Amino acid sequence: MKQASIGVLLVACAGSVWAQADPREAELVRIAVDPGKRDMERVRALLEARQRVYQRDPPRDGPLKEALGPLLHELGKQADDLTHARLQAAALQALKPFAPWPDLASVVRPFLAKGVALKVRIEALIAVRDHGARGLAGDLLPLLDERLARRTKERFELTVIEAAKGLPDPEAARVVGKALGSSRSRKVKLAAARLLATKRGPEGRQALLAACDPRGRDEDVAGVAALSLIRYGTLEGVGRLVRRFEAREGNSQVLYRSICRCAFREDRGFAGVSPDAFFQVEEEQRRKAIAEVLAWWAKTEGTTPEELMFAQLRDKLREKGVAVPSSLSDKGTVDALIAALGVEPLSLRYAALDVLIRLTGRGDFFSDFRSILINLGANRVKMREWEPTYGFTDPRRQAELRKEQALKAERFRQWWDAVKDRAEWDGRRWRVRG
């Protein structure tokens, strides 16, 4: 289709909506879809139109939304035309206020292909992250084989991992598992290993096990991988860390810290030696900690992460006078897990949260459990700041997070108290009648 006819088609598609919409936005969109205008003029029009959309509540209806689908469809036919890269990128950016965009995969697929400008592919990947999409694993996997300058490749691979957050878990595990295994960047490997804790699949499990191999070089990556494997219901990664730790005669604070995290002991360590103090204590005390690690693993090997978590939880909650039943089919177990949402260390708290969600099916109560609400800028715009993997280092943020988590735990407790009499155990989880 010739460029001149593209603009006519798009105006015809959206004209009826434009007649009723914000006149300024309508004029901006007319400029954006007019192939007779210079690309930079069209780009500025798209960005201003998007800003006007953000000023509406809700920011969904209007001419920009109507025009974007046809515009991207036409731009996608010539996605490898580098002369229109800025316009393509701006059109992809303009999707953001309308998340989730329906059938995003068909919209962005042309912009992920080889030969498309790098910045355009990056915007397409960001759209996948923000909107979510299905069926794009096959398009993302080749991106990890791109030959780019080292720092550029690292940033690009991190963007691919971010995009995988918008894919279904099995698809994401394929992409992120490959990134973990093939990337030469330590930063990429760490990001991939962390994400595979939540985006789980067979390929992800195999990649994590390979990253824990005692013959591997990077102890930090191995530690993160072992911790993520716990979410797959296995302590096999921990065993590989312990073997590596033993082979090094305990001469690794990185491995010691990782084992403590996997054992839900990052607050106190073994033999009273915290991870931070591992090389600060006397050698005799350190040797005791190393020996206790090996003795702990000899006793723990063959158990499940859930059994390990409950053993630690019983010790923690006993101090609060809370009993932890031995059976998941005891309603008191849910009560205990709710109480566990206030314990330290955070690895134990979040392991208890995982089990609580699995037993009740109420993950909706905790969708933002690991975030705090902050005010941003002079206009005091509110947004959520997510807790880093190993927790906030700022005491103020730590205190705010614990305060918000306590309120969410109390709301969940109130819900559970109201429905527990109607809850029935189906062999795997509690279901509420009615």
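The values are calculated or read from the model by the stated rules, or taken from the named source; none is laboratory data. Since we're looking at a predicted model, the values are computed, not measured. Note that each Cβ is placed from the backbone with ideal geometry, even for glycine, and that neighbours are counted across all protein chains shown.
Scanning the stretch 142-187 for residues that are buried (at least 16 other Cβ atoms within 10 Å of the Cβ), over 24 Å from LYS96 (Cβ atoms) and not charged (D, E, K, R) yields a count of 8. Name every residue in the stretch 246-283 that is among the β-branched types (Val, Ile, Thr) and either crowded, with 19+ Cβ neighbours inside 10 Å or within 23 Å of CYS212 (Cβ to Cβ) (or both), in order of residue number. VAL254, ILE259, VAL273 - these are the residues of the stretch 246-283 that are among the β-branched types (Val, Ile, Thr) and either crowded, with 19+ Cβ neighbours inside 10 Å or within 23 Å of CYS212 (Cβ to Cβ) (or both). Of all residues in the stretch 105-119, those that are at pLDDT 95 or above have Cβ atoms under 9 Å from Cβ atoms of residues that are of a type in the set (S, T, N, Q) and assigned to a helix (DSSP H, G or I), 6 or more apart or on another chain, in PHE111/GLN88; VAL116/GLN88; ALA117/GLN88; LEU118/THR152; LYS119/GLN88. Name every residue in the stretch 334-359 that is free of Cβ contacts under 8 Å to residues at least 60 places away in the same chain and in contact with a helix residue (DSSP H, G or I) (Cβ under 7 Å, 6 or more places away or on another chain), in order of residue number. Matches in the stretch 334-359: ALA336, LEU337, ALA339, ALA340, VAL343, ARG349, ALA352, LEU353, VAL355, LEU356, ILE357. Given the condition in contact (Cβ under 8 Å) with a residue 12 or more places away in the chain, under 27 Å from ALA298 (Cβ atoms) and in a helix (DSSP H, G or I), answer yes or no: does some residue in the stretch 140-163 qualify? Within the stretch 140-163, not a single residue is in contact (Cβ under 8 Å) with a residue 12 or more places away in the chain, under 27 Å from ALA298 (Cβ atoms) and in a helix (DSSP H, G or I).
Here ARG268 meets each of (1) free of Cβ contacts under 8 Å to residues at least 12 places away in the same chain; (2) touching a Pro at 6+ places or on another chain (Cβ under 6 Å); (3) charged (D, E, K, R) with one exception, condition (2).
Name the single residue, out of those in the stretch 418-432 being outside any strand (DSSP E or B) and surrounded by 10 or more Cβ atoms within 10 Å (Cβ to Cβ), that is farthest from the chain's Cα centre (by Cα). Among those residues, the one meeting the criterion is ARG422. Looking for something surrounded by 15 or more Cβ atoms within 10 Å (Cβ to Cβ) and touching a residue at least 60 places away in the same chain (Cβ under 8 Å) - is there at least one such residue anywhere in the stretch 360-378? Looking for residues that are surrounded by 15 or more Cβ atoms within 10 Å (Cβ to Cβ) and touching a residue at least 60 places away in the same chain (Cβ under 8 Å), one finds at least one in the stretch 360-378, hence yes.
For the stretch 35-85, residues that are touching a His at 6+ places or on another chain (Cβ under 8 Å) and either in a loop (DSSP other than H, G, I, E, B) or among the hydroxyl-bearing types (Ser, Thr, Tyr) (or both) total 1.
Condition check ((1) touching a residue at least 24 places away in the same chain (Cβ under 8 Å); (2) surrounded by 15 or more Cβ atoms within 10 Å (Cβ to Cβ); (3) in contact with an Asp or Glu (Cβ under 9 Å, 6 or more places away or on another chain); (4) not in a helix (DSSP H, G or I)) across all residues:
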{"residue": "LYS299", "(1), (2), (3), (4)": "no, no, no, no"}
{"residue": "LEU313", "(1), (2), (3), (4)": "yes, yes, no, no"}
{"residue": "LYS320", "(1), (2), (3), (4)": "no, no, no, yes"}
{"residue": "SER327", "(1), (2), (3), (4)": "no, no, no, yes"}
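How many residues are without any contact (Cβ under 8 Å) to a residue 40 or more places away in the chain and assigned to a helix (DSSP H, G or I) if we restrict to the stretch 185-197? Residues flagged as without any contact (Cβ under 8 Å) to a residue 40 or more places away in the chain and assigned to a helix (DSSP H, G or I) within the stretch 185-197 amount to 9.
Scanning the stretch 203-231 for residues being in contact (Cβ under 8 Å) with a residue 24 or more places away in the chain, over 15 Å from ARG174 (Cβ atoms) and of a type in the set (D, E, K, R) gives a total of 5. Checking the stated criteria, ARG200 turns out not to satisfy the condition of being among the basic types (Lys, Arg), closer than 26 Å to GLY115 by Cβ, in a loop (DSSP other than H, G, I, E, B) and free of Cβ contacts under 8 Å to residues at least 60 places away in the same chain.
What is the residue count in the stretch 259-275 for residues that are part of a helix (DSSP H, G or I) and over 16 Å from THR300 (Cα atoms)? Number satisfying all stated conditions: 1.
The condition of being over 29 Å from the mean Cα position of the chain (by Cα), in contact (Cβ under 8 Å) with a residue 24 or more places away in the chain and either surrounded by 19 or more Cβ atoms within 10 Å (Cβ to Cβ) or assigned by TED's automatic domain parsing to the domain that holds ALA163 (or both) holds for only one of GLY76, GLY62, that being GLY62. Flag: GLY237 matches the condition of being in contact (Cβ under 8 Å) with a residue 24 or more places away in the chain, part of a helix (DSSP H, G or I), crowded, with 23+ Cβ neighbours inside 10 Å and assigned by TED's automatic domain parsing to the domain that holds ILE259. What tally of residues in the stretch 393-417 results from selecting those that are assigned to a loop (DSSP other than H, G, I, E, B) and touching a residue at least 12 places away in the same chain (Cβ under 8 Å)? Counting residues in the stretch 393-417 that are assigned to a loop (DSSP other than H, G, I, E, B) and touching a residue at least 12 places away in the same chain (Cβ under 8 Å) gives 0.
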